[in-house]
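What follows is a single structure, written as C-alpha cells, with notes after it.
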Amino acid sequence: MRKAFSLGVDFLVASVAGVFLWSFASQKLSRPSSRGEPVVGTSIGDLGIDWQRAHVNLVFLLNRDCKFCTLTAPLYQRIISQYRSRSDVEFVALFPHEARSGRTYLENVALDIQHVRGPVVLPWGGYLTPTLLLCDRDGRVKRFWKGSLTEAVKQDIVRGIDAYLGEAVPNSAGATSH
C-alpha cells in the first residue's frame, strides 16, 4: 500500500514537472528570435509620421524609466544639434508608454525631438532601450545602435548618418572617402 502511494506521488510530481517544462519550452520557442532587437529592413509602420519628409529619419527608442536612456541623453543631444539645421534629417522619439509622459521625459533630459509617439508596439516584438534607428524615407530600419553609447559609438553613428546622406566621410587615417 505504501509502495503504491509512493508510486502515485512520484507519478504526480513527474507529471507536474513535465507540464511545467513543456509550458516553459513552448513559451521560449514562440518568442521572436530577435530578443527585442530591431531588424534591418523592417518598416516601423506609419505611426502618423510622414517618413517621406526627410532622407534620414533618426528614431530614438526610449523609456522614461531607463537609466541608460538618461545616461545616453547627452550624446543624443550632440547628435541632434549636429543635424538640427538640416532639412533632410528628421527626429522621432518612440516610447512604450504614453506620448505625454514621453514628452515630459524629453524635456527633463533636454532632447529636442518634435515627433513623439507612444505607446508604440514595434514590429520585431521587443523594446530594447536606448536604441537609435537610422530609417529611410519609408520608415525602414537601415542601421541601429543599441545600449548606452560611448563617444566612439557616437562617431560611428555620425559616420553612418553621413554615409547614408551621401556625404564625404573621413576614414580612420583622416582621408576622405565617398
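A short reminder: the numbers here are calculations on the coordinates, not readings from a lab. Being a predicted model, the structure only gives us computed values, none of them experimental.
At 0.36 nm per residue, minus the direct Cα-Cα distance, what do Ala99 and Gln155 gain on full extension? Give it in nm, one decimal, please. Don't skip to the end; give the middle numbers.
Details: separation 56, 0.36 × 56 = 20.16 nm, distance 2.92 nm.
Extending this stretch completely gives an extra 17.2 nm.
For Arg137 and Asn108, the difference between the fully extended length at 0.36 nm per residue and the C-alpha to C-alpha distance is 7.5 nm. The C-alpha radius of gyration of segment 92-132, expressed as a fraction of 2.2 N^0.38 Å, stands at 1.11.
Per residue and in cubic angstrom, what volume does the convex hull of the Cα atoms of segment 59-123 have? Intermediate values should be presented prior to the final figure.
Details: hull volume 5.3 nm³, N = 65.
Hull volume over Cα atoms, normalised by residue count, gives 81 Å³.
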